[in-house]
Amino acid sequence: MSARIPLHKRLLVRLLITSGLIAVCSVAATAWLAVATTTQALREEQGQALADDMDVLAELSGYAATHPDWTGVAATVRKLSARTGRRIALTAADRRVIADSAPPGTSLPPSAAAAVDPLHTDTYSERGAQISGIDPRAVGPYRLTEAERLKVAALARKRQLCFSRFGVETSLSRAPSGRTVLTDDDSGSEPDYVPDACADGLLNTPTPTEQTAVKALQGLARDCLTKAGLDPRSAALLGTPPTGLDLRTPAPGKLAAKEARLVQPCLDQARRAQLDPYVAPVAELFLGTGDTPAVLFDMSPANKAKVVGTASLVLAVTVAATALVATRLVRPLRALTAAAQQPPELHVRVPVTTRDETGILAVAFNDLTERRERLEAQRKAMVSDIAHELRSPLTNIRGWLEVTRDGLVDPDPALLASLHDEALVLQRVIDDLQDLADADAGTLRLHREPVRCDELLQQVAAAHRVAADAARVELLTDVDGEPWLDADPVRMRQALGNLVSNALRHTPAGGSVTLSARRDGDEIVLEVADTGTGIAPDELPHVFERFWRAEKSRSRRTGGSGLGLPIVRHLAAAHDGTVAAASEPGTGSVFTLRMPGGPAPRPDA
């Protein structure tokens, strides 16, 4: 698998996308929730404030309608302020304070909220039903005496009993003037149907107080009608309901609708003139915030439920998204963990199912498993090879010593020379193993110094001249210029000697082995080329493995111990160089050492 991962498949990108989506959902849900709850809270707050303001104005208008002045209104203002948490102030038209719930000296708000005038109002409401014009609680001269109230109440109870006999259920209520009226329990208004037995006319007959007030009203209305050019007698045709509170509606059939509309303004003007002495003067109403600490955040149960629901939804989405991503990420990691916990001899591999970092980790794990499997095979082969390399000379030495001990063979010089050769083989194998152990442990010591390449090659050729002549192989040297190395001369002779020995061993009689040196940039290239049998392409990658030999019988006639080339590789690496092999079967092989070049020593050094 390529290490290049597509951007959309990278683990970091997917985690960022997941986190971004969760953050966007959270922000969107929070924004929606804030807007929804804030809007609803503002609406509720505005509605409640408006309702409180209307209640304050209605109660103060009622006070003005039932009192000829504002004396004693301070207690009502303080009560309303305590109930609503608002500052309430009443002033005259000249801003003289009549009553104020705030401490004395507190400045008034910039503008008045409303004017309290029971004769000119359209804000009074009975739980939502607005009535324009005169406050119905301003009754003035229409207020019944105590005796009249009792008489009217008795007549109302008598009619209620009469209605009940005919199956009409009614309730008794008292109007602001003190008159008792009947209302239908179903409609909440006066009964539409009056049985003949109950229509005695006594309950609807005006009392003496009401008659006196109506006559006074008609007199005021006639003056207005005369000034307006209307028939003054129209005022006498206006009927009076039993409550004596609303004279705006003419009696049915007595005035035409058009005439009634012309007469009505005079009637309203007459009523205001009649009630003016009985109501308090017009006052300005000022409303403030009050001294009660404001509640910064107080949600209704519906908003609280909305917050909890939205938070739960966001939490559920977050948990679900995290669980989904985590499951997809953890599944291959669990497979890797399970494979890593298997016994080493199984060499378990994991399937590669993704192309992200986890997939690359799986590929690396499989590669590591393969390398470990190869190393395990190499370790087993190396143990077997070491045993073979040591067993052969030891067996020879033991066998000759036993027959000599038994007197079967005399210890002549030839036998001793043979035993000495076998001991040298053992010593060489042990030395090679020691060099490899030092290289693996990083304790291979080098004593670097400037080394002239032509002299190095001449020394190596001279050391192997006898073996080359015995094998009838020509040993040549070729140096281009005067290249110098910064190296350990002993170790370099060992490395080149191993390569020359290996070349002489695989070069038939009549062939040649050439040692060459040249400079290539900052590097020195040392080559050992032969005209031997060569190496097969499938075996070439293994030539630097320990105890590897192309000839598997491991005969001393055809090969060495299999440690020479691995030692060359370690010595080259210790000098910060490399070694490579190239070969053509039947034409020979070339082993190339590339080593860091060194400067030539100064003449006065």
Starting from 0.36 nm per residue, how many nanometres of slack lie between residue 30 and residue 327 once their C-alpha separation is accounted for?
104.2 nm
Under the 7 Å Cα-to-Cβ spin-label approximation, residue 190 and residue 316 lie apart by a distance in nanometres of 6.0
What distance in nm separates the two pseudo spin-label positions at residue 441 and residue 587, each 7 Å out from Cα along the beta-carbon direction?
4.5
Quick one: Cα centre-to-centre distance for region 325-359 and region 45-98, in angstrom?
79
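Grab the other residues whose beta carbon is less than 14 angstrom from that of residue 344, score K and R as +1, D and E as -1, and report the net.
Details: positive: 349, 371, 372, 374, 379, 380; negative: 345, 370, 373, 376.
Cβ neighbours under 14 Å give a net charge of +2.
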Treat each spin label as a single point 7 Å out from the Cα along the C-beta direction, and report the residue 458 to residue 94 distance in nm.
13.6
Using bins 10 angstrom wide from zero, how does P(r) for region 323-477 break down, in % of all Cα pairs?
8, 17, 19, 20, 15, 13, 6, 2, 0
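FYI, it's all coordinate maths here, none of it is from the lab. Just so it is clear, the model here is predicted, and its values are computed rather than measured. Counting neighbours? That spans all protein chains shown, and the Cβs are built from the backbone with ideal geometry, glycine included.
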